1. How charged is the neighbourhood of Tyr426? Take every other residue with its Cβ under 10 Å from the Cβ of Tyr426, and add Lys/Arg as +1 and Asp/Glu as -1.
2. Rank Val524, Val356, Val243 by accessible area, highest first, at a 1.4 Å probe radius?
3. Asp647: accessible area at probe 1.4 Å, nearest 10 Å²?
4. Report the accessible area of Ser157, computed with a 1.4 Å probe over the heavy atoms of all protein chains in place, in Å² rounded to the nearest 10.
5. What does the net charge come to around Lys355 if you take all other residues with beta carbon closer than 13 Å to its beta carbon, with K and R at +1 and D and E at -1?
6. Which distance in nm do the two modelled labels at Lys424 and Cys221 give, with both placed 7 Å along the Cα-to-Cβ direction?
7. Given the whole protein assembly as supplied and a 1.4 Å probe, what does the accessible area of Ser169 come to in Å², nearest 10?
8. Would you rank Asp54, Asp440 by solvent-accessible area, highest first, keeping every protein chain in place and using a 1.4 Å probe?
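The values are calculated or read from the model by the stated rules, or taken from the named source; none is laboratory data. Please read all numbers here as calculations on a predicted model, not as lab measurements. Because the Cβ atoms are built from the backbone with ideal geometry, glycine has one as well, and the counts that use them run over all protein chains shown. These accessible areas exclude ligands, DNA and RNA; they are computed on the full protein's heavy atoms, side chains included. Shrake-Rupley method; radii C 1.70, N 1.55, O 1.52, S 1.80 Å.
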Amino acid sequence: MVDDSGRKENRLCIVSLIGKSTLFEQQCNKSWKFNQLIQIPAFKEHCVLNNEDDFEYYYDHLNNTIYIHLRSFHDTYQLLHLIDNINDDTSMKNFAQLWEHKQANFIKKSLICFLLSHIIVISHSSHTFDLNYLRFFRIIELLRHKTKPAILEAIRSHSGLKETDVMMSDGRLCVPRALFIFENHHHKGNDLPSGGDRDDDQKLINMALNLEDIIFNALRCSYVISNQINSALFTIAHKQPFVFIHRCYKESSSLGQTQKLLGILQGFVKQTKDSSSNTNLFNRTNVQQQDDTAAFKRFLFRHIEEALTDGWSNDGISGGARSESSSFESCTYSVWLNLFTSIRELFETMPATNKVMRQAFGMLRANIDPDGKLNETRCKKYLPMAIKYYEEGLPSRYTRHFHEQRLQATIEFFATYARGSSYKRYVQQLIEQCTRLWHDGRQLCEAISLTRNPCKNELHRILGEENTNDSTNFAHLPLRAHNSKIQLMAASNCGQILQEREDPFDLKEANYDFYQDVNKMLSVKPIYFEFPIFRGPVASTEARPCNSHKNELKVSSTTDDLSGASELSQSASVALYSPVPDNEQPILDNITGEKSDKHKTVTCTDDEQPIPSTTEYLDGMTHSDCPPGLLPRHSSWSLCCIGRASDYVPTK
C-alpha cells in the first residue's frame, strides 16, 4: 500500500479488478494489467498465497484512486496451488464440494467489490465474452438484495463511521460502472510487419465494437441492466467505450501454463517462480504492447475522471438522466477503509450469528450449482419411491440375509434414477430408513435350533437370560422362548410313549426337560439310575466347553469307534451311580431277585475315580473326550430298568 498522509482526505475513486486470467506464462495473473497501468509492481503477479481468495489493494494518491485486485481460483497460479494441495484439505469430502466452496467464496468477495467500488473491471482470458458471467451477475444481484438489511445495520453500528462521512442509503457507494477487458493472443513468430500496424489497430477497434454490441444485447436480454438504474447490479457507459482489448504475445514453441495444467506437474509453481523472477516486469512487451498500456490508461482514466467529477449521470439503456433517488458517493481513504473492514467482517465472521446472513448464504449455495441442485431434487423425488420399492411384498418378519438382498435391489433401483454428488448421501439415508423399517417389528429372530432350523418368532429375549448384561440394550423386546414352528416325534426313555415335541434350541431342552415331562405321563414308571451331575452354586462357578480337553478330533476306524463307546460306558465320569431311592428299592429287589443294600455304591470299573470339581462344570453333554472330574449341570444320558431279564423274549 502506497500512501501519503497529506492527501488522505481527498475524495477517491475505487476501481476493482475481478475475473479470469489466461493460462499462458506471461499473463497468468490478471494483476499485470494494473501493474502496467501504474508503472509500479504493486500487485504480486507470480505469488502463490496459502490463504483463501482475498483482496490486495493499492492507494494511488497522485490520481486519487484505490485499485483493488481480487485473487481467486480463476487466477492460474491460485488454481495450480489448489490442485497441488487438494489432498491436504480434509474438510472437503469430494471435488464437487470443494469447487462449490470456492465458487461461493468468490461470489461473496465479488459482491464486496460491487458494494465498495465505482468502477468494476471484469477481466477475460480471451477475446470472446463468457456467457457464464450472466448467471454470475444474477447470483450476485440476488445475494445483494438478501444481505442489504445486514449491510446497512453493519454500517450504522460501526464506531469509526459517522453519518456525515457517507450515507450509503442503498447499501453501496453507487451503482458501479462495468468495464470489460479482453485479451487477443498472438504468437511472437507471427508478428505483422510495421506496415500492417494500422490495419491491426483497426481490426482491434472493430472487434471491440462488436464485443460491445454482443455484451449489451446479452445483458439486456438477461435483464442484468435496464432503465431502472437504481435496482441494477451495475451499469455500462452509454456513449463511451466500455470494452478494451489487450494485445498479448506468447512463444510459438510452448503452450506455457496450458501444457502444465494438463499434466498437473508437481513443482510447477517453484519452476515458474524461478523462471519469472529474473524477468523484468517492463521487458515483457514490445512497442505495440507499450502502446496498448498507454491506450488502456486513456481508456480507464476517462471513466475515473468522470467518477471524480460528476459521477454517472447518463448511464442506462436509453441514456436517460439519473433519477432523484439514485446516489453516487465518494469517500476519503480512512472512511473507505472503515467501510471495507466492516463489510468484510460481516461476510466472514457474522454468518454464524446473523440470521439474515445465514439465510442469504443458504440461498447462495442453492443457486451456485444448478446441476447439483437438479441432482439433489431428483434424489429427493426418488427416495420415497425407493423406500416403497423396498416395502413391496415384504413378509411380516424376515432375516438379515433377506433384508440385505432386498436392500441391494432397492439401491440398484434408486441408482437408476438418482445422479450427482448428493447420490451417496441419499443412499445412506435410504439404507438407514430401510434398516429402521426392518427393525420396527419385522426383524426375525435368527437363532438356529439343534436341527438347523431358524426361530420363526420376532426378535425377542430368552427366558432365563433377561437379567444378563447382553440383554440390557434389548429391554424393550418381548420375553419368550425360541420356536421354529416345527414339530418332531420322540419316544420316552422307556419307549412306552410317542410324543410330539418342539424343535429344541439347547441341549437341556433336547436331552433332559422333554423326557422329564414325558415321564410324568407314565402310569407305570421305570426305575431310573441317576448319572452324577454338578450340584454346586452356579453363580460362583465357571463353565468349561466340553471339547476343551482335546482340540482335534481323532480319525479312527470302525473298530476304534466301538472301543470308544466301550470306554464311554466305563469312563470315570459315568462310573458312579447315585444311591437307589427308598421307594424304588423293593421294586428293584423283585426284578433282580436279590436283597441289596440301599446305601451301596455301584461302580463299573475298579479304576481310581477323580474327585468332581466344585468350581467348574461341563458346558454340554458327557462324552469320551470330556476333561476328567467335570460334571454337567444336567444329564444328557438316561438309564432305566423296565423289567426282568427273563421277561425278554428275542423271538417276539
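1. Numbers: positive: Arg378, Lys380, Lys424, Arg425; negative: Glu376.
Every neighbour counted, the sum reads +3.
2. Values: Val524 100, Val356 55, Val243 10 Å².
If we order Val524, Val356, Val243 from most to least accessible, we get Val524, Val356, Val243.
3. 110 Å²
4. Taking all protein chains as shown, Ser157 has close to 80 Å².
5. Working: positive: Lys146, Arg358; negative: Glu153.
Cβ neighbours under 13 Å give a net charge of +1.
6. 4.0 nm
7. 80 Å²
8. On the way: Asp54 25, Asp440 115 Å².
Listed by decreasing accessible area, they come as Asp440, Asp54.
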